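Have a look at this one.
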Amino acid sequence: MSSQAELDNSELDRVIRSEYEAGFTTLVESDTLPPGLNEDVIRVISAKKEEPEWMLEWRLEAYRHWQTMQEPNWAHVQYPPVDLNAISYYSAPKSMEDRPKSLDEVDPELLETYKKLGIPLHEQEMLAGVAVDAVFDSVSVATTFKSKLAEAGVIFCSISEAVREHPELVRKYLGSVVPKGDNFFAGLNSAVFTDGSFVYIPKGVRCPMELSTYFRINEANTGQFERTLIVADEGSYVSYLEGCTAPQRDENQLHAAVVELVALPGAEIKYSTVQNWYPGDEDGKGGIYNFVTKRGVAHDHAKISWTQVETGSAITWKYPSVVLRGDHSVGEFYSVALTRHAQQADTGTKMIHLGKNTKSTIVSKGISAGKSSNAYRGLVRMGPRAENARNFTQCDSLLLGDRCGAHTFPYIESKHPSATIEHEATTSKVSDDQLFLCRQRGIDPEKAISMIVNGFCKEVFKELPMEFAVEAGKLLEVSLEGAVG
Amino acid sequence: MLEIRDLHASVAGQPILKGLNLTVKPGEVHAIMGPNGSGKSTLANVLAGRDNYEITGGEALFDGKSLADLEPEERAQLGLFLAFQYPVEIPGVSNMEFLKAALEATRAAQGKEEWDSVTLLRKAREACKQVDLDPQFLKRGVNEGFSGGEKKRNEIMQMLLMEPKLALLDETDSGLDIDALQTVAKGVNSLRGPERGIVLVTHYQRLLDYIVPDFVHVLSGGKIIKSGGKELALELEQHGYGWLTGGQNGDNGKEDQTA
């Protein structure tokens with residue numbers, strides 16, 4: 001992308017114009033759209049996805065509104081401007097011929113990390129995008145899962161499929177939590193999203209298994225503009241896992257995903273993320289910019305719980321939030337964000353209390369190493385109707401070394417006198433005494449640091465599904481290698 | 001097993017040990033006594049390899065290897081154990097997890113068989129019982145919210161499990177009531193054996209009522225000024241340190257520089 005960004009504008013215009021002269025039909029048939037964004041591009045995306053007219057209209061409305069918006073600049077991150085006209089907004093999955101033929105052609109450093117994380121060989125191939133035509137074990141696993149889910153009446157498919165197969169649900173809920181014009185990146189996503197998941201859990205159903213994007217393998221290539229919509233109908237329960245611990249490389253630098261959760265009365269949604277996008281080299285070069293909008297609405301007696309472990313990306317801009325609309329609804333946010341080298345993270349949450357007796361908990365653990373910058377930004381708002389609303393926030397930062405930074409930006413607004421808001425914040429360093437105690441017991445310093453950091457994160461890890469928690473611990477260990485010095 | 005010759009050491013650039021000699025053979029228990037500020041804790045920390053505790057002259061050999069050449073974890077892996085004067089808390093890391101990491105690292109290095117989780121848990125529970133510590137403490141964070149006495153007993157519990165060749169106890173008796181002192185002493189005594197050396201660093205004689213040393217050394221001004229048998233401790237008890245340091249007990253109001 002950077003090389004494309006270097007093309008001067010006239011050159012770009014020429015390329016775009018010449019391509020478009022070929023006409024709309026040709027564009028639909030081609031695998032990759034030329035860089036740039038306009039209404040035609042959106043029409044092509046919609047046509048490629050065989051979308052109904054209402055979906056196209058929705059995208060176009062989003063696009064028109066987005067054009068009036070400005071990229072936000074309030075976050076505690078710094079990066080050169082992203083040239084949105086240098087991005088191609090539709091690209092078919094790479095054909096087998098373009099991919100590495102075997103793991104021998106993949107970056108050895110990446111393979112080394114896979115090995116340390118204990119990832120099986122066939123999964124390594126999948127993650128590294130190797131062209132494999134053999135059937136993975138996981139394919140059959142996925143098929144078994146699908147039939148089990150269907151039995152329970154759970155819908156779990158790609159968002160594109162949902163637009164075609166379940167239009168009544170998508171139309172009702174898409175954009176109901178994150179409106180088209182919510183923010184610059186969400187607006188862009190609304191106009192051009194091409195990928196993502198859709199989940200619907202029927203009334204009173206407890207989803208029989210943890211849903212993971214991992215098993216939606218027919219869409220192995222994660223999109224640049226992912227859109228996820230999860231609807232838990234009354235009294236239902238679902239646990240959803242996103243991402244994986246293996247470092248994911250992607251040629252697209254900008255990622256702007258939107259995730260919407262709808263927890264209808266009495267429903268519970270648990271959403272866990274492990275994000276490990278390529279953070280770039282020591283200077284952050286080549287790393288992913290991750291600008292994500294994640295939000296859920298909890299109706300009466302519903303509960304939404306976000307748990308995230310963020311270790312990747314050059315830039316993370318992410319605030320998974322809960323709108324506690326219904327009375328007695330519950331919102332939770334558990335987060336571990338680790339930054340090292342030149343990584344910058346500005347992450348946190350928003351808890352918007354609207355209903356009575358609503359309750360929210362925020363536990364955020366930031367770990368900074370190298371020359372990275374790690375900011376927690378959180379908003380707790382108690383609305384005028386939020387009688388007896390309660391929030392507890394705990395925000396801890398751990399510094400490794402003396403070149404990194406940790407920042408906390410809490411915003412608290414209360415419009416109801418009965419609201420209770422507690423905020424605790426600590427900043428600590430891994431002390432020499434702790435390290436010496438471990439070393440005196442024979443434990444090498446790297447293992448000691450990772451043990452101390454894992455201990456620091458325990459409150460968050462225990463919220464993750466078991467297997468994920470073990471992987472997350474291992475991921476921190478690998479990520480911290482070389483952080484001691 | 002421990003051979004210290006003309007050892008000079010400084011803490012953060014300040015000379016503390018000034019020509020110390022000490023030999024500990026397997027099976028022996030040595031007590032290092034002395035007034036505050038005489039360098040007792042410095043000696044323990046220098047031997048264990050704490051940052052900023054630097055050997056500036058002479059040598060300290062452990063099983064023939066120069067300690068100065070070894071990282072703290074390497075010394076531990078060779079079987080050198082320090083029971084800390086002020087054990088630090090590691091929140092969120094359970095005692096059990098910590099012990100597992102420590103035992104994996106040291107037992108492998110010493111060519112001892114690895115303990116599986118069941119064995120480890122059983123041994124750890126036994127060790128807890130020996131020092132009168134509720135096995136529930138194994139699940140808690142290392143020293144997290146422990147009382148002073150519990151921290152000290154936790155140190156001895158670790159020592160019992162790790163079965164070191166050489167155990168250094170840095171003022172383990174400080175802050176213990178008489179019952180806890182007896183419990184701790186019982187634990188230490190159970191480790192006494194022909195293969196093991198024990199060095200007790202203490203200010204008071206009372207620990208030595210329960211752990212009877214083979215040798216007592218008096219440290220003052222960074223040197224050992226007198227050595228003797230267990231009766232030396234009793235004499236000290238009667239006459240005070242001033243008896244040996246010529247009225248000057250070396251106590252300048254500063255604690256040993258340990259923390």
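Which condition breaks for B:ALA48 when tested against (1) modelled with pLDDT of 95 or more; (2) more than 26 Å from B:LEU120 (Cα to Cα); (3) touching a Pro at 6+ places or on another chain (Cβ under 9 Å)?
Single failed check for B:ALA48: (2).
Name every residue in the stretch B:38-54 that is in contact with a strand residue (DSSP E or B) (Cβ under 8 Å, 6 or more places away or on another chain) and within 13 Å of chain A (Cβ to nearest Cβ), in order of residue number.
Those that are in contact with a strand residue (DSSP E or B) (Cβ under 8 Å, 6 or more places away or on another chain) and within 13 Å of chain A (Cβ to nearest Cβ): B:ALA44, B:ASN45, B:VAL46, B:LEU47, B:ALA48, B:ASN52, B:TYR53.
Take the stretch A:445-458 and flag every residue that is facing another protein chain (nearest Cβ under 7 Å) and either in a loop (DSSP other than H, G, I, E, B) or among the hydrophobic types (A, V, I, L, M, F, W, C) (or both).
A:MET451, A:ILE452, A:PHE456
Considering the stretch B:97-142 alone, what residues qualify as being within 14 Å of another protein chain (Cβ to nearest Cβ) and in contact with a Phe, Trp or Tyr (Cβ under 8 Å, 6 or more places away or on another chain)?
Those that are within 14 Å of another protein chain (Cβ to nearest Cβ) and in contact with a Phe, Trp or Tyr (Cβ under 8 Å, 6 or more places away or on another chain): B:LEU103, B:ARG107, B:ARG140, B:VAL142.
Only strands (runs of 3 or more DSSP E) wholly contained in the stretch A:390-444 count here; list those with 2 or more residues that are crowded, with 19+ Cβ neighbours inside 10 Å and more than 14 Å from every other protein chain (Cβ to nearest Cβ).
Because the criterion is at least 2 residues that are crowded, with 19+ Cβ neighbours inside 10 Å and more than 14 Å from every other protein chain (Cβ to nearest Cβ), the strands (runs of 3 or more DSSP E) in the stretch A:390-444 that meet it are A:390-399, A:405-414.
What residue, of B:GLY228, B:GLY221, is buried (at least 16 other Cβ atoms within 10 Å of the Cβ), away from every other protein chain (no Cβ under 14 Å), more than 23 Å from B:ALA180 (Cβ to Cβ) and modelled with pLDDT of 85 or more?
Just one listed residue meets the conditions, B:GLY221.
Scanning the stretch B:55-96 for residues that are more than 7 Å from every other protein chain (Cβ to nearest Cβ) and assigned to a helix (DSSP H, G or I), which turns out nearest to B:LEU169 (Cα to Cα)?
B:ARG75
Please work out which one of (1) at pLDDT below 90; (2) surrounded by fewer than 24 Cβ atoms within 10 Å (Cβ to Cβ) is the condition A:ILE367 fails and give its number.
Tallying (1) at pLDDT below 90; (2) surrounded by fewer than 24 Cβ atoms within 10 Å (Cβ to Cβ), A:ILE367 fails exactly one: (2).
Of everything in the stretch A:310-352, what is of a type in the set (Asp, Glu) and touching a strand residue (DSSP E or B) at 6+ places or on another chain (Cβ under 8 Å)? Give them in sequence order.
A:GLU310, A:GLU332, A:ASP346
B:ALA12 passes all but one of (1) surrounded by fewer than 21 Cβ atoms within 10 Å (Cβ to Cβ); (2) within 18 Å of the chain's Cα centre (by Cα); which number fails?
Single failed check for B:ALA12: (2).
Evaluate the following for B:LEU133: is it of a type outside the set (Ser, Thr, Tyr), outside any helix (DSSP H, G or I) and either buried (at least 21 other Cβ atoms within 10 Å of the Cβ) or in contact with an Asp or Glu (Cβ under 7 Å, 6 or more places away or on another chain) (or both)?
Spelling it out, B:LEU133 is indeed of a type outside the set (Ser, Thr, Tyr), outside any helix (DSSP H, G or I) and either buried (at least 21 other Cβ atoms within 10 Å of the Cβ) or in contact with an Asp or Glu (Cβ under 7 Å, 6 or more places away or on another chain) (or both).
Scan the stretch B:222-240 for residues that are in contact with a strand residue (DSSP E or B) (Cβ under 7 Å, 6 or more places away or on another chain) and more than 20 Å from B:GLY27 (Cβ to Cβ) and jot them down.
Within the stretch B:222-240, B:GLY222, B:LYS223, B:ILE224, B:ILE225, B:LYS226, B:LEU236 meet the criteria.
Residues of the stretch A:195-210 being in contact (Cβ under 8 Å) with a residue 60 or more places away in the chain and surrounded by 21 or more Cβ atoms within 10 Å (Cβ to Cβ), which ones?
Those that are in contact (Cβ under 8 Å) with a residue 60 or more places away in the chain and surrounded by 21 or more Cβ atoms within 10 Å (Cβ to Cβ): A:GLY196, A:ILE201.
Tell me whether the stretch A:403-425 contains one or more residues that are in contact with a strand residue (DSSP E or B) (Cβ under 7 Å, 6 or more places away or on another chain), charged (D, E, K, R) and over 22 Å from A:SER321 (Cβ atoms).
The answer is no; no qualifying residue exists.
Then there's this: So how many residues does the stretch A:51-101 have that are modelled with pLDDT of 80 or more, assigned to a helix (DSSP H, G or I) and either in contact with a strand residue (DSSP E or B) (Cβ under 6 Å, 6 or more places away or on another chain) or under 26 Å from A:ILE315 (Cα atoms) (or both)?
So the count comes out to 6.
Right, another one. So B:ASP177 clears everything in (1) within 14 Å of chain A (Cβ to nearest Cβ); (2) closer than 28 Å to B:GLY229 by Cα; (3) among the acidic types (Asp, Glu) except one condition, right? Which one?
Only one criterion in (1) within 14 Å of chain A (Cβ to nearest Cβ); (2) closer than 28 Å to B:GLY229 by Cα; (3) among the acidic types (Asp, Glu) is unmet by B:ASP177, namely (1).
Further question: Return the residues of the stretch B:1-27 that are of a type in the set (A, V, I, L, M, F, W, C) and out of contact with any strand residue (DSSP E or B) (no Cβ under 7 Å at 6 or more places or on another chain); say none if nothing qualifies.
Residue satisfying the conditions is B:ALA12 alone.
The values are calculated or read from the model by the stated rules, or taken from the named source; none is laboratory data. Not measured: the values here are computed from a predicted model. All Cβ positions, even for glycine, are placed from backbone atoms using ideal geometry, and neighbour counts span all protein chains on display.
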